[in-house]
Amino acid sequence: MAAIDRSLVRALPMFEKLSDAELDRMLARATLRRVPIGEAVFEQGQKATQFFLLLHGRLKVTQVTSDGQQIIVRVVHPGDIFGFAKALMRDDYPGTPTAAAESLVLCWPTEVWGLFVEQNPHLAVNAMQTIGQRLQEAHTRIREMATEEVERRVAHAVLRLIDQAGRKEGEGIRIDFPISRQDIAEMTGTTLHTVSRILSAWEAKGLVEGGRQKLLVRDAAGLATLAEGES
């Protein structure tokens, strides 16, 4: 198998403190995997045998609840590590990451996680920061679902998406991976019908412009006003 070129990851924050030799040793244990749109990297409940880094593309992480409802718990963006169940003290994957766009991931065997962290302590710090950020995001979404009306929740979700994956386009900001109304419904704990009604109303007001698997935000300030519950 050909060696993985360190230039693929050298610019990522989690590797910036590694020497070339240290980085090459890490990459020597990695494999490169392409994930077509719609394919899962792994399945919820599957034994965790690897951990991953997203190099390119986007992944939607879903969980199926005990009553059979599917929800999107987060979106994985380029540079994010994911699937590191060992750091969470569990031996299975808690969700299913599925490619929302053609994706490229680096994969390492789970058993090397401890060695990497021991040899490169800042990787442990990076993992802790990642876990902390995800917990904060989860708490924010739980609070929103418990206290906010649906339109505000949808506004918050769209604003997070343009913050994490927004690309300036003409007079607006395009979410730069395919996103459906069903996806937004699963992110906000509501129904497709409700999201469709809200987005149609926003389009009529000039806040957003929709399309098949596309969303362009034309008035982010207007959405922020809605998210804060202001008329």
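So the values come out like this:
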| item | result |
| --- | --- |
| For the chain: accessible area per residue (Å², 1.4 Å) | 53 Å² |
| FRET efficiency for residue 200 and residue 142, using Cβ-Cβ distance with R0 set to 22 Å, rounded to 0.05 | 0.20 |
| Mean Cβ count within 10 Å, highest first, over the residues of peptides 7-18, 106-117 | 106-117, 7-18 |
| Pairs of alpha carbons in the chain whose separation is greater than 32 Å (percent) | 25 percent |
| Projected-area mean, region 83-182, by convex hull of Cα positions, square nanometres | 8.8 nm² |
| Degrees, to the nearest 10: 150-165 long Cα axis against longest axis of the chain | 40 degrees |
| Accessible-area composition of region 148-227, carbon plus sulfur, in percent [1.4 Å probe] | 48 percent |
| For residue 142, solvent-accessible area (1.4 Å; no DNA, RNA or ligand), Å² | 110 Å² |
| Spin-label zone in region 16-49 - amide nitrogen under 17 Å from a point set 7 Å from the Cα of residue 10 along the C-beta vector | 16-28 |
| Under 5 Å, built H, 5+ apart or other chain: amide partners of residue 50 | 110 |
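The values are calculated or read from the model by the stated rules, or taken from the named source; none is laboratory data. On a predicted model such as this, the values are computed, not experimentally measured, just so you know. For neighbour counting, all protein chains shown are included, and Cβ atoms are generated from backbone atoms with ideal geometry for every residue, glycine included. Accessible surface is based on the protein model in full, side chains and every heavy atom, while ligands, DNA and RNA are left aside. Shrake-Rupley method; radii C 1.70, N 1.55, O 1.52, S 1.80 Å.
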